[in-house]
Amino acid sequence: MSKLRVAVLGAKGRIGAEAVRAVEAAEDMELVAALGRGDKLETLAESGAQVAVELTTPASVMDNLDYCVRHGIHAVVGTTGWTDERLAQLTGWLERSPETGVLIAPNFSIGAVLTMRFAQIAAPYFESVEVVELHHPNKVDAPSGTATRTAQLIAEARRAAGSAPAPDATVTALDGARGANVDGVPVHAIRLRGLLAHQEVLLGGEGETLTVRHDSLHHSSFMPGILLGARRVVTTPGLTFGLEHFLDLN
Ligand SMILES: NC(=O)C1=CN([C@@H]2O[C@H](COP(=O)(O)OP(=O)(O)OC[C@H]3O[C@@H](n4cnc5c(N)ncnc54)[C@H](OP(=O)(O)O)[C@@H]3O)[C@@H](O)[C@H]2O)C=CC1
Ligand SMILES: O=C(O)C1=N[C@H](C(=O)O)C[C@H](O)C1
């Protein structure tokens with residue numbers, strides 16, 4: 001059986017370098033290109049890449065995806081910075097290239113995907129819910145893509161259940177003291193040397209609290225999700241948002 005031809009964009013970055021090693025080690029894949037900043041995107045088409053793994057920066061990701069979709073190259077995207085406007089633009093590009101698939105995964109680690117699911121299940125059962133994400137200090141965006149998605153899923157679940165807004169008597173606060181408001185859910189971002197990627201969802205009800213915590217201790221935690229994404233995206237045209245759609249979670 002022929003191997004899946006995979007390229008990595010952002011190949012010299014923290015997660016990109018790990019992805020290069022993971023693709024090289026995968027028996028069913030061939031690494032055909034490893035691009036860093038300034039390298040020509042034409043290399044993707046010239047190398048015959050079937051899938052591009054996009055791990056760059058929010059400032060670069062749209063140009064890279066524009067190229068991929070126009071050339072029918074499927075993409076697995078870990079890069080953050082997704083807004084409704086960006087998703088609408090990408091959806092428009094995909095409509096003009098209906099056989100191409102793009103997976104955007106706010107987080108590739110199984111533990112983080114499950115954290116989001118557990119938070120979604122628990123959210124309607126508690127009066128209060130807040131998200132705390134903790135990352136290495138080189139991260140350029142806050143709050144993290146994972147925390148933003150977690151808060152959106154929590155908010156959707158609470159809306160569907162008809163939950164009341166979380167109680168909060170705050171009248172005066174310094175800017176940022178109550179975190180960012182993501183769809184009504186407070187999200188707090190910590191940046192600390194020594195950390196990699198961590199998240200806690202704190203839920204509180206009368207006389208009890210529940211904490212759902214996930215820790216990525218090494219970039220290897222993201223690799224099975226990236227490889228699964230590359231294998232599945234080639235037969236999944238259009239936009240898929242979230243690795244859970246490839247995990248058959250019920
Ligand atoms: N979904 C997930 O599970 C995960 C997602 N991420 C996300 O992935 C992204 C990268 O994270 P991280 O590796 O820590 O960041 P890094 O800054 O370490 O890596 C990004 C790399 O991309 C390069 N780059 C920038 N623009 C381009 C371009 N146009 N073409 C090719 N390469 C480019 C950068 O080059 P230069 O250094 O010159 O700027 C850098 O080497 C972030 O958005 C992060 O949030 C990270 C971990 C897991
Ligand atoms: O920048 C990182 O490191 C990470 N970024 C992603 C995010 O913003 O959620 C995924 C993970 O948290 C690591």
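The values are calculated or read from the model by the stated rules, or taken from the named source; none is laboratory data. Here the structure is a predicted model, which means the values were calculated and not measured. Because the Cβ atoms are built from the backbone with ideal geometry, glycine has one as well, and the counts that use them run over all protein chains shown. These accessible areas exclude ligands, DNA and RNA; they are computed on the full protein's heavy atoms, side chains included. Shrake-Rupley method; radii C 1.70, N 1.55, O 1.52, S 1.80 Å.
One residue is enough: does region 33-55 have a residue meeting the conditions part of a loop (DSSP other than H, G, I, E, B), within 16 Å of ligand 2 (Cβ to nearest atom) and open to solvent by less than 50 Å² (accessible area, probe 1.4 Å)?
First, pick out the residues of region 33-55 that are part of a loop (DSSP other than H, G, I, E, B): 36-41, 47-50, 55.
The next check asks that each one be within 16 Å of ligand 2 (Cβ to nearest atom); those that pass are 55.
Of the ones still in play, those that are also open to solvent by less than 50 Å² (accessible area, probe 1.4 Å) are 55.
Yes - at least one qualifying residue is present in region 33-55.
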Check: For region 77-84, does any single residue satisfy the condition of being among the polar types (S, T, N, Q), more than 10 Å from ligand 1 (Cβ to nearest atom), open to solvent by 50 Å² or more (accessible area, probe 1.4 Å) and over 20 Å from GLY10 (Cα atoms)?
Finding: yes
Notebook entry, point to check: Residue check, GLU200 against (1) within 14 Å of ligand 2 (Cβ to nearest atom); (2) closer than 30 Å to GLU30 by Cα; (3) of a type in the set (Asp, Glu), all met but one. Which one?
Noted result: (2)
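For the subset of region 12-32 comprising residues that are away from ligand 2 (no atom under 16 Å from the Cβ) and farther than 18 Å from LEU103 by Cβ, which member is most open to solvent (accessible area, probe 1.4 Å)?
Narrowing region 12-32 to residues away from ligand 2 (no atom under 16 Å from the Cβ): 20-21, 23-32.
Those left that are additionally farther than 18 Å from LEU103 by Cβ: 20-21, 24-25, 27, 30-32.
Numbers: VAL20: 22, ARG21: 135, GLU24: 118, ALA25: 79, GLU27: 160, GLU30: 80, LEU31: 45, VAL32: 33 Å².
Checking each candidate, the answer is GLU27.
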Notebook entry, point to check: Using beta carbons and a limit of 9 Å, which pairs, at least six apart or on different chains, have the first residue in region 80-107 and free of Cβ contacts under 8 Å to residues at least 40 places away in the same chain and the second one open to solvent by 10 Å² or more (accessible area, probe 1.4 Å) and within 13 Å of ligand 1 (Cβ to nearest atom)?
Noted result: ARG86/PRO58; ARG86/MET62; GLN89/MET62; GLN89/ASP66; TRP93/ASP66
Next item on the list: Scan region 110-129 and give yes if some residue there is open to solvent by 50 Å² or more (accessible area, probe 1.4 Å) and either within 12 Å of ligand 2 (Cβ to nearest atom) or modelled with pLDDT under 95 (or both), otherwise no.
Entry: no
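Given the structure, is ALA22 more than 10 Å from ligand 1 (Cβ to nearest atom), touching a residue at least 60 places away in the same chain (Cβ under 8 Å) and touching a Leu at 6+ places or on another chain (Cβ under 8 Å)? Spell out how you get there, then give the answer.
On the way: more than 10 Å from ligand 1 (Cβ to nearest atom): yes; touching a residue at least 60 places away in the same chain (Cβ under 8 Å): yes; touching a Leu at 6+ places or on another chain (Cβ under 8 Å): yes.
In short, yes.
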Notebook entry, point to check: Looking only at region 172-192, which residues are farther than 20 Å from HIS136 by Cβ and either in contact (Cβ under 8 Å) with a residue 60 or more places away in the chain or basic (Lys, Arg) (or both)?
Noted result: ARG178
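Report yes if some residue within region 138-151 is more than 21 Å from LEU55 (Cα to Cα), open to solvent by less than 60 Å² (accessible area, probe 1.4 Å) and out of contact with any Leu (no Cβ under 8 Å at 6 or more places or on another chain); otherwise report no.
Of all residues in region 138-151, those more than 21 Å from LEU55 (Cα to Cα) come to 151.
Retained after the next criterion (residues that are open to solvent by less than 60 Å² (accessible area, probe 1.4 Å)): 151.
Next, from what is left, pick out any that are out of contact with any Leu (no Cβ under 8 Å at 6 or more places or on another chain): 151.
Checked against the condition, which is being more than 21 Å from LEU55 (Cα to Cα), open to solvent by less than 60 Å² (accessible area, probe 1.4 Å) and out of contact with any Leu (no Cβ under 8 Å at 6 or more places or on another chain), region 138-151 yields at least one hit.
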Margin query: For the condition more than 19 Å from THR79 (Cβ to Cβ), assigned to a strand (DSSP E or B) and in contact (Cβ under 8 Å) with a residue 12 or more places away in the chain, what is the one hit in LEU203, LEU153, LEU195?
Written below: LEU203
Next item on the list: Working only within region 170-209, note down all residues that are surrounded by fewer than 16 Cβ atoms within 10 Å (Cβ to Cβ) and touching a helix residue (DSSP H, G or I) at 6+ places or on another chain (Cβ under 6 Å).
Entry: ASP183, GLY184
